[in-house]
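The values are calculated or read from the model by the stated rules, or taken from the named source; none is laboratory data. Note that the structure is predicted; figures quoted are calculated from it, not measured. Cβ sites come from the backbone with ideal geometry, for glycine too, and all protein chains shown count toward neighbours.
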Amino acid sequence: MKVEVKHHPDIRGENMAKYRKKTVIIEAIQFNGENQGEIADFMGEMIRTNFFPDIYIETLEGTMKANIGDYIIKGIKNEFYPCKPDIFEATYEKVVECPACNNNASNKYMCETCYGTGYVINI
């Protein structure tokens, strides 16, 4: 008996594609070991701090530990989770306000609405 093996196209990579992370603005605060109160205010809830110097955060995936130096991120669904500083710095950049209209700027100088409108920025 002859057996024919068929591979699912995704397994062999024929339908593989590259994806870019969508641009989204998040809020975050860096844990410095002494700002548990600020983090609790930021999160709007109590955090578990009785494990000094670490804090524990209830995330969508369960309880996660944040070490000193980690960023606490508020996600797009208002969820919170810790992020290591090297990952945070590789993934995010600080948002600046457009000097023309105070909207969030997508580049370092002006927002997408004002870009190319003839507004001149003196640096």
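May I ask you to verify whether PHE42 is modelled with pLDDT of 90 or more, in contact with a Phe, Trp or Tyr (Cβ under 6 Å, 6 or more places away or on another chain) and part of a helix (DSSP H, G or I)? Considered against the rule, which asks whether it is modelled with pLDDT of 90 or more, in contact with a Phe, Trp or Tyr (Cβ under 6 Å, 6 or more places away or on another chain) and part of a helix (DSSP H, G or I), PHE42 comes out as no.
Within region 30-44, residues that are within 14 Å of PHE80 (Cβ to Cβ) and touching a residue at least 40 places away in the same chain (Cβ under 8 Å) have Cβ atoms under 9 Å from residues that are among the aromatic types (Phe, Trp, Tyr) and outside any loop (DSSP other than H, G, I, E, B) in these pairs: GLN30/TYR71; GLN30/PHE88; PHE31/TYR71, counting only partners at least 6 apart in sequence or on another chain. Suppose we keep only residues that are within 11 Å of ILE29 (Cα to Cα) and of a type in the set (A, V, I, L, M, F, W, C) within region 65-79. Which one would you say is surrounded by the most Cβ atoms within 10 Å (Cβ to Cβ)? In this case the residue turns out to be ILE72.
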